[in-house]
Amino acid sequence: MYFTLVTGASMGIGEAFAREFAETGTSLLLVARSEDKLRSLAEELKSSGAPAVRILAEDLSDESSPGRIYEFCLRENIAIDVLVNCAGLSFAGDFETLPPGKMDEIMEVNMMALCRLIRFFLPDMIKRKRGGIINVASIGGYQGVPGLALYSATKSFIVTLTEALHVELKEKGVKAVAVCPGFIQTGFLAKAGHRQEGIRLPVYSRDLVVKAAIRGYEKNRLQIFPTFIDFLLVFSQRFVSRKTAVRLADFLSSARIRE
């Protein structure tokens, strides 16, 4: 039986992905820190159509966590057909205020855990000549975002990594796509200390983003922009300087507290 693995599945966009896949009759392996939240979600999803729902409580800021997830799948005979990398962390504020421990945690979860999971599960997908990877990036990855400097850098990493994987895997029967939304209505902003009332862009529902992501994955699009505004913001950067793009990102995101 093939499973879809969703990280960050206990809340936000990860939970939305889990619910959407469950409705289409997909078996799921849900990964997040909170075992209680995962267990509660799993019971809901079983009743909504998922043939099987397995859970695994793991903290992806621990560098050995991806290996334990892979070993769990081997031990339980779970074949991962689609890997959905949703887990992510952020911090709103100027870079010099970012605590060193938080800096390491953001890079570990947003980049290294994502890379390790792909590296573990990709060879099996290639052998089967089926499956794929959905990486949740951001339009913030197309330029630096003042007040979200490290976050935007990690999302840029995800965008360029996925671009390379998309081409490498095209002839191997495996998909790799980057989902690049703007701001999403989840608890993510508040947890990062980002004041939503200052944002000068629409804040979209997570369901809108997830449905667009799955449609784009099915078509194997290199980059998936859930709304036309997301596409337009990135496309328009072709016509302005990098400095202007960064200043515009600063204005629209309003991630910094100004006196």
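Odds and ends about this structure:
- Scanning segment 1-49 for residues that are in contact with a Gly (Cβ under 8 Å, 6 or more places away or on another chain) and farther than 25 Å from residue 137 by Cβ, we see that the one that is modelled with the lowest pLDDT is 49.
- Residues in segment 159-176 that are out of contact with any Gly (no Cβ under 9 Å at 6 or more places or on another chain), aliphatic (A, V, I, L, M) and surrounded by 13 or more Cβ atoms within 10 Å (Cβ to Cβ) were compared, and the one that is nearest to residue 222 (Cα to Cα) is 165.
- Among the residues of this structure, residue 136 counts as one that is under 30 Å from residue 207 (Cβ atoms), at pLDDT 95 or above, of a type in the set (A, V, I, L, M, F, W, C) and buried (at least 23 other Cβ atoms within 10 Å of the Cβ).
- Of residues in segment 60-88 being buried (at least 17 other Cβ atoms within 10 Å of the Cβ) and in a loop (DSSP other than H, G, I, E, B), the one farthest from the chain's Cα centre (by Cα): 78
- Exactly one residue out of 137, 164, 113, 92 is small (Gly, Ala, Ser) and touching a Pro at 6+ places or on another chain (Cβ under 6 Å): that is 113.
- In this entry, residue 111 passes the filter for residues that are surrounded by fewer than 22 Cβ atoms within 10 Å (Cβ to Cβ) and at pLDDT 95 or above.
- Meets criteria (more than 17 Å from the chain's Cα centre (by Cα), within 16 Å of residue 177 (Cα to Cα) and not in a loop (DSSP other than H, G, I, E, B)) for residue 111: no
- Comparison of 217, 204 shows that the only residue that is among the hydroxyl-bearing types (Ser, Thr, Tyr), surrounded by 14 or more Cβ atoms within 10 Å (Cβ to Cβ) and at pLDDT below 90 is 204.
- Residue 145 vs. criteria under 25 Å from residue 252 (Cα atoms), among the hydrophobic types (A, V, I, L, M, F, W, C) and in contact with a strand residue (DSSP E or B) (Cβ under 7 Å, 6 or more places away or on another chain): no
- Qualifying residue in segment 90-100 (condition: farther than 16 Å from residue 33 by Cβ, polar (S, T, N, Q) and either without any contact (Cβ under 8 Å) to a residue 60 or more places away in the chain or part of a helix (DSSP H, G or I) (or both)): yes
The values are calculated or read from the model by the stated rules, or taken from the named source; none is laboratory data. If you're wondering where the values come from, they're calculated on a predicted model, not measured in any experiment. Methodologically, a virtual Cβ is constructed for each residue, glycine included, from the backbone with ideal geometry; neighbour enumeration extends over all protein chains shown.
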